[in-house]
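No value in this document is a laboratory result; all are computed from the given coordinates. Keep in mind the model is a prediction, meaning the values are calculated, not measured. Reconstructed Cβ throughout: ideal geometry from the backbone, glycine too, with neighbour counts over all protein chains shown.
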Amino acid sequence: HRVMRLLPQKGRFIHLGCGYGVLGFLLVYDSAERQLTGWDIDYDKIRVAQHTFTANRYPIRFHADLPTTGAFDVVIVSGQAPPALQRFIPNAQWVVLENAEDQAHLLQSSGFREVEATGPIKAFHKA
């Protein structure tokens with residue numbers, strides 16, 4: 001996918017709305033130097049993601065509780081963003097929105113510019 005090629009090969013990633021963790025797995029398969037934290041409001045999906053072979057072999061962790069702290073280089077939002085999204089934006093260099101276009105105004109006012117748009121996926125980089 002074109003957006004994945006834009007993202008750094010190493011760094012701290014957080015995926016808000018990660019579901020079963022498929023995108024997270026793809027990101028760490030592409031580069032094991034990416035440290036990924038996945039979060040989803042659906043606890044059952046997180047439990048499934050936590051019990052996969054990949055989660056035990058790669059730098060990827062899934063949480064049912066939204067992290068309260070942490071500086072992430074890349075923030076990925078799938079679906080409706082949690083109200084706490086703003087706490088992750090100041091330290092990020094990249095933000096990817098998937099079906100979360102309502103957050104674009106927040107990014108633009110925080111110094112991000114859109115660099116890629118493919119269907120429902122938009123990638124923003126801090127200018």
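Farthest towards the positive end of the charge dipole of the chain, among the residues 95, 9, 124, is the Cα of 9, using unit charges on the Cβ of Lys, Arg, Asp and Glu. If each Cα of the chain is one equal point scatterer, what is log10 of I(q)/I(0) from the Debye formula at q = 0.18 Å⁻¹? After summing over all Cα pairs, the log10 values are -0.92. Taking the Cα centre of the chain as origin and assigning +1 to Lys and Arg Cβ atoms and -1 to Asp and Glu Cβ atoms, the resulting dipole is close to 380 debye.
Dipole magnitude of region 28-86 about its Cα centre, charges +1 at Lys/Arg Cβ and -1 at Asp/Glu Cβ only, in debye to the nearest 20?
Details: 5 positive and 7 negative charges, 30 e Å.
So the magnitude is around 140 debye.
Between residue 10 and residue 105, full extension at 0.36 nm per residue minus the direct alpha carbon distance yields a gain of 31.5 nm. Label positions at residue 65 and residue 93, each projected 7 Å from the Cα along the C-beta direction, are separated by 3.1 nm. Rg over Rh for region 1-52 works out to 0.98, both radii taken from alpha-carbon positions and Rh defined as the Kirkwood radius. Ellipticity at 222 nm from helices only: DSSP H runs of n ≥ 4 in the chain, each -39500 (n - 2.57), divided by the residue count, give -6500 deg cm²/dmol.
A Gaussian network model of the chain, with springs between Cα atoms under 10 Å, assigns the largest mean-square fluctuation among 38, 19, 70 to 70.
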